[in-house]
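> Please find one structure pasted underneath; my questions will follow.
The values are calculated or read from the model by the stated rules, or taken from the named source; none is laboratory data. Not measured: the values here are computed from a predicted model. Reconstructed Cβ throughout: ideal geometry from the backbone, glycine too, with neighbour counts over all protein chains shown. The accessibility values were calculated without ligands, DNA or RNA, using every heavy atom of the protein model including side chains. Shrake-Rupley method; radii C 1.70, N 1.55, O 1.52, S 1.80 Å.
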Amino acid sequence: MLLNNFHKLILFHQIQFQLLLLTAAPNLKSNATFQIICNLQKRSTAIMDRKNFTKSESKNQKGRCSRSVSSPSRTDHGGSLVPQRTKSQLGIDNCADTNWQTFSIPNLVANPYFDAAGGTYFQQPWNPNFFLNFNRCPIPSSSNVNHQYRRTHTLPPPLNYNTDVKGDKKLERRWESLSSHNKGGNKKFVFTLMSYNVLAQDLVQNHEYLYREHNKQALQWEVRWLNILKEIGDANPDIICFQEVQESHITNYFSVLEKKLGYKSIFKKRTGIRTDGCAIFYKRKRLQLMEYEKVEYFQENVPVLNRDNVAIVARFIPKEVHTQAFVVATTHLLYNPKRQDVRLAQVQNLIAEIDKMAFICSNKNGEPSYLPVIVTGDLNSTPDSAVYEFITKGILDYQNLCKRSLSKESGKELTGKVLVPESLQMTDNCQYAEMVKRRNEFHNGCGNSREDNLKISYIQDLKFSSGTLSHPFSFKSAYNHYRNNDIEGTTYQDRWITVDYIFYSGRKRGDSTAEDKLKLISRFQLPTKNQLGRIRIPNFKLGSDHFSLIVKFSLE
Ligand code: KL2
């Protein structure tokens, strides 16, 4: 049932998204006339709006195509905004095949994938609201007019990479429902969250050898962006956590999400010479941003933290339901496979920031309570890594693990007690010393009154360089990483591996009384290694070298 509702929801949003595409095109009111004129002899084309077209028509240019198709108004089709026009209405019933593939339209990009679906779709790369479909037979045979146009309202087929392309059937991603949420509860805030490393184009260019097996066209940013956008439109998430958003792509690409799809955003570029960073987009209708922190892990004189990676930590409150606030964090940790120690120190820093953002109060023993927390991102660490163990278990004894790799190999130099220097004042419990001290001092306890709180006399100790790292949260992964005796893959690095995660906080370990505030309702399944086989991404259906993670939560 739930799944059905999901499909309905997705379908609904898909339609909504498509309506958007139809109605929101700039320079193109929904009932405007719009023409594409393609001169096959001259191999030149022009795109014209009504004004321009009238001009050229009035000049009565011989040999120019002069049919216009005016978009029907909203009511033309029983309220449907997806008008269907017959071929004869479009004046293209007697058409002969032509070689339209060879022409180029300025500022439009042919998406070759769509060609397989029966027509060539052209799209303004920066503008998701603009799709054009040329079927390759628009010349009336009786006419010596050597060019034709057609604006169709038929949108490209959904970019489901599970259809159309042979062998991809098994790659189908399904929504897997996990816990039923009682719908009666209007106290609950149900929302969709996506985490997506979208592969910055600068990195494609800097690491060309990584993509030598890939189709060159599919690696073009314009093609990738359209597929990414389609994926976002289909999932219609309330929160999107991006990694590898290229700063130079914000104005012409990512801003479309704000202008047309109702998002607001926070962007944090990586430090140094890097050109990409993390971003959190959220639906402004559903969520109020209360506070955020742009986190730079970089510390010049600390070898374990002198890298350019960043994070965003943000606190939101739902607008339509009165639940408590919650915290969303996203990060992209260092890639260097040999430096697991750097990633662990980055996680320590990230959790210290989350502690700051999510803290509510402390109980009599000095144990802190927190708002619900979701941590997402590309950790460049696999589920068998020390970093993963630390996040999910809440504790890691690193001192006897090998330096740098944080693995258990014999005969290698060990890490020892110091991960980050005490001078950074980040405790071994992933808290800023300053925060702990302040909480001790001001008695912001969970008691009901100030008097109650003043009676509390806890002092949380500050530990540094003890050889063991712990953190005060209880994080679970939204994905299992294993399915059907097979490993899920989020990206390909010599093999399919998982490096992208969504973690969410639950009740404290050992606390059986408290209810989880955040419930995982469903997830969009990741493909497994066997399903993926020799498939490589990005391709004409998937815009990135990572899969997106998409889950649904209910917040009480
Ligand atoms: O794992 V990634 O890809 O999210 O898909 O994160 C990093 C790598 C990203 C940012 O640093 O760039 C990729 N070999 C392969 N990939 C690399 C390399 C490398 N040497 N350096 C960076 N990246």
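> Quick one: accessible area per residue over the stretch 264-322, 1.4 Å probe, rounded to a whole number of Å²?
Accessible area per residue, the stretch 264-322: 50 Å².
> Provide the per-residue ³J(HN,Hα) series for the stretch 338-350, in order, calculated from phi with Karplus coefficients 6.51, -1.76, 1.60 and θ = phi - 60°, each as a whole number of Hz, with x at glycine and proline positions.
Working through the residues one at a time gives 7, 10, 5, 5, 5, 5, 5, 5, 5, 5, 4, 5, 4 Hz.
> How much of ILE250 can a 1.4 Å solvent probe reach, expressed as accessible area in Å² and rounded to 10?
Solvent-accessible area, nearest 10 Å²: 40 Å².
> Using only the Cα atoms of the stretch 366-409, build the gyration tensor, take square roots of its eigenvalues as a ≥ b ≥ c, and label the shape rounded, prolate or oblate: rounded if a/c is under 1.5, else prolate if a/b is larger than b/c, else oblate.
oblate
> Ok, one more. Considering only protein heavy atoms and a 1.4 Å probe, what is the carbon-and-sulfur percentage of the accessible area of the stretch 274-369?
Accessible surface attributable to carbon and sulfur in the stretch 274-369 totals 44 percent.
> Between the stretch 195-221 and the stretch 384-437, what's the alpha-carbon centroid distance in Å?
The stretch 195-221 and the stretch 384-437 have Cα centres separated by 33 Å.
> Suppose accessible area is computed on protein heavy atoms with a 1.4 Å probe; arrange SER505, SER405 from highest to lowest.
Largest to smallest exposure gives the sequence SER405, SER505.
> Hey, got a sec? Which trypsin sites (Lys or Arg not before Pro) in the stretch 321-356 land in a DSSP loop and have at most 12 other Cβ atoms within 10 Å?
Those satisfying the criteria are LYS338.
> Follow-up. Accessible surface of ARG439 in the full protein assembly, 1.4 angstrom probe, to the nearest 10 Å²?
Counting only protein heavy atoms, ARG439 exposes about 10 Å² to solvent.
> Ranked by accessible surface with a 1.4 Å probe, highest first, in what order do PHE298, PHE473 come?
PHE298, PHE473
> Ranked from the most accessible area to the least, with a 1.4 Å probe and all protein chains present, what is the order of TYR209, TYR297?
TYR209, TYR297
> Do any chymotrypsin sites (Phe, Trp or Tyr not before Pro) in the stretch 343-439 lie in a loop, going by DSSP, with at most 12 other beta-carbon atoms within 10 Å of their beta carbon, and if so which?
Hits after loop and neighbour filter: nothing returned.
> Could you pull the accessible area for ILE312 with a 1.4 Å probe, rounded to 10 Å²?
Spelled out: ILE312, probe radius 1.4 Å, area about 0 Å².
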